[in-house]
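> Quick one: the structure is below, and I'll ask about it shortly.
The values are calculated or read from the model by the stated rules, or taken from the named source; none is laboratory data. Note that this is a predicted model, so its numbers are computed, not measured. Here the Cβ is made from the backbone with ideal geometry for all residues, glycine too, and neighbour counts use every protein chain on show.
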Amino acid sequence: MTRPLDGVTVVTLEHAIAAPFCTRQLADLGARVIKIERPGTGDFARAYDERVQGMASHFVWTNRSKESLTLDVKHPDAQKVLAQLLETADVLVQNLAPGAAARLGLSFEALHARHPRLIVCDISGYGEDGPYRDKKAYDLLIQSESGFLSVTGSPDEPAKAGCSIADIAAGMYAYTNILAALMQRGKTGVGSHIDISMLESMVEWMGYPLYYAYEGAAPPPRAGAAHATIYPYGPFPAGDGRNVMLGLQNEREWAAFCTSVLEQPALAADERFASNSRRVARRDELRALIVAAFAALTSEQVVQRLEAAQIANAAVNEMRDVWAHPQLQARGRWTEVATPAGPIAALLPPGRTDAYTPRMEGVPGLGQHADAILHELGWSQDGIAALRREGTI
């Protein structure tokens with residue numbers, strides 16, 4: 001089937017997570033993504049670890065279905081290759097160090113006159129202007145700067161998210177802004193400039209705690225794996241030592257929880273817990289009652305009672321549990337993609353559709369597609385060999 005972005009070409013100077021995650025999703029929709037990498041070493045995320053058949057876990061996640069072209073972008077001949085690529089490109093994405101793309105002549109201002117249909121997406125820590133524009137930014141630093149750490153963790157100590165949440169947020173906003181820019185270009189015929197800030201992406205995701213602390217009010221407290229401002233909502237131990245995650249959203253569910261799960265119907269009318277705000281204020285007292293009730297039950301029995309009462313609940317899964325998750329298996333969400341080290345399992349993109357099949361092609365080796373791309377651009381075999389001798393590719 002025809003995919004939404006078939007025929008769209010994306011040239012990307014990217015590393016780490018934010019830009020690669022953005023462009024991988026464009027590739028999922030059919031875009032041709034040409035990834036420019038440093039000769040010899042490539043995207044530094046290739047060397048983060050060796051957990052996937054000798055390859056890096058971050059890299060295999062964010063780089064399938066792309067073509068890898070090694071290019072020393074500071075070399076004069078590399079500038080020629082880049083210029084050729086941009087002649088037919090629809091989108092340029094970059095998350096180089098602050099100011100690096102502009103120094104290479106790859107700013108939107110420098111390119112727009114020659115390539116009026118080109119969409120340029122710049123991803124950085126803090127955006128292209130303002131006092132922080134030149135400040136280096138990595139995922140954990142943006143988690144900290146955005147206030148995320150202040151509301152995450154235990155009362156005694158903040159904790160980072162276990163995955164690259166700031167990079168993911170920036171990658172998602174870059175992806176959706178590029179889709180919007182392609183739609184806009186379809187109406188106007190003109191490309192546009194997208195300036196994605198990791199900080200702004202994360203602060204958008206911080207909307208609830210920001211408004212909770214509106215006009216100087218106290219912010220949500222750090223509450224570990226429990227919800228900071230709704231209770232009971234979090235993990236509770238059963239008698240077999242396993243935790244059950246559960247969440248209540250309203251007073252009807254609170255009454256059902258007391259009657260059918262705790263089997264203490266009188267608790268539903270207890271004035272100490274008669275509203276969510278009261279339950280939050282007395283969370284330690286209420287937690288002790290819940291833990292005492294669950295102590296006589298296995299985790300399976302707790303879940304059975306929660307299901308019967310239609311109370312939301314979940315397993316506290318580890319990675320091995322997610323790989324074998326019965327819901328993902330039942331919905332056929334796993335497939336395989338090729339890599340230089342052999343096939344690996346890969347999750348299909350979220351959003352099952354009958355309109356097209358997502359593109360699920362291989363994770364590229366470093367410079368794997370250099371010769372093919374250069375031949376396509378008109379370079380002879382001798383010319384390619386010269387580029388290789390000079391270290392340009």
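> Quick test of your reading of the structure: Ile196 fulfils all but one of (1) in contact with a Phe, Trp or Tyr (Cβ under 8 Å, 6 or more places away or on another chain); (2) surrounded by fewer than 19 Cβ atoms within 10 Å (Cβ to Cβ); (3) in contact (Cβ under 8 Å) with a residue 40 or more places away in the chain; (4) not assigned by TED's automatic domain parsing to the domain that holds Asn276. Name the failing condition by number.
Here Ile196 meets the rest and fails (2).
> Can you tell me which residues in the range 257-284 are in contact (Cβ under 8 Å) with a residue 24 or more places away in the chain and of a type in the set (Lys, Arg)?
First, the residues of the range 257-284 that are in contact (Cβ under 8 Å) with a residue 24 or more places away in the chain: 257, 259-264, 275-276, 279-280, 283.
Answer for the range 257-284, where residues must be in contact (Cβ under 8 Å) with a residue 24 or more places away in the chain and of a type in the set (Lys, Arg): Arg279, Arg283.
> Condition first: over 30 Å from Gly234 (Cα atoms) and in a helix (DSSP H, G or I). Can you find one or more residues in the range 151-174 that meet it? Show your work before the answer.
Restricting attention to the range 151-174, the residues satisfying the condition of being over 30 Å from Gly234 (Cα atoms) are 174.
Pick out the ones that are also in a helix (DSSP H, G or I) and you get 174.
Taking every residue of the range 151-174 in turn, at least one turns out to be over 30 Å from Gly234 (Cα atoms) and in a helix (DSSP H, G or I).
> Go through (1) small (Gly, Ala, Ser); (2) within 23 Å of Thr9 (Cβ to Cβ); (3) more than 22 Å from the chain's Cα centre (by Cα) one by one and return the number of the condition Gly362 breaks.
All conditions pass for Gly362, except number (3).
> Among the candidates Pro350, Pro364, Pro340, single out the residue that is in contact with a Lys or Arg (Cβ under 8 Å, 6 or more places away or on another chain) and either free of Cβ contacts under 8 Å to residues at least 40 places away in the same chain or not basic (Lys, Arg) (or both).
Pro364
> Do the conditions hold for Val11, that is, is it of a type in the set (A, V, I, L, M), within 27 Å of Asp134 (Cα to Cα) and either assigned to a loop (DSSP other than H, G, I, E, B) or modelled with pLDDT of 95 or more (or both)? Spell out the reasoning first.
Numbers: of a type in the set (A, V, I, L, M): yes; within 27 Å of Asp134 (Cα to Cα): yes; either assigned to a loop (DSSP other than H, G, I, E, B) or modelled with pLDDT of 95 or more (or both): yes.
Yes, satisfied.
> Moving on. Taking the range 103-139 on its own, how many of its residues are buried (at least 16 other Cβ atoms within 10 Å of the Cβ) and without any contact (Cβ under 8 Å) to a residue 24 or more places away in the chain?
Of the residues in the range 103-139, 1 are buried (at least 16 other Cβ atoms within 10 Å of the Cβ) and without any contact (Cβ under 8 Å) to a residue 24 or more places away in the chain.
> Do we find a residue being touching a residue at least 60 places away in the same chain (Cβ under 8 Å) and surrounded by fewer than 19 Cβ atoms within 10 Å (Cβ to Cβ) anywhere in the range 89-99? Before you say what the answer is, go through the steps one by one.
So in the range 89-99, the residues touching a residue at least 60 places away in the same chain (Cβ under 8 Å) come out as 89-96.
If we keep only those that are surrounded by fewer than 19 Cβ atoms within 10 Å (Cβ to Cβ) too, we end up with none.
Scanning the range 89-99 turns up no residue that is touching a residue at least 60 places away in the same chain (Cβ under 8 Å) and surrounded by fewer than 19 Cβ atoms within 10 Å (Cβ to Cβ).
> Just the residues that are closer than 16 Å to Ala16 by Cβ and of a type in the set (Asp, Glu), please, taken from the range 126-185.
Asp139, Asp167
> Only one residue in Ile230, Ile196 is under 30 Å from Ile142 (Cβ atoms) and either in contact with a Leu (Cβ under 9 Å, 6 or more places away or on another chain) or among the polar types (S, T, N, Q) (or both). Which one?
On the way: Ile196 fails: either in contact with a Leu (Cβ under 9 Å, 6 or more places away or on another chain) or among the polar types (S, T, N, Q) (or both).
Being under 30 Å from Ile142 (Cβ atoms) and either in contact with a Leu (Cβ under 9 Å, 6 or more places away or on another chain) or among the polar types (S, T, N, Q) (or both) holds for just one of Ile230, Ile196, which is Ile230.
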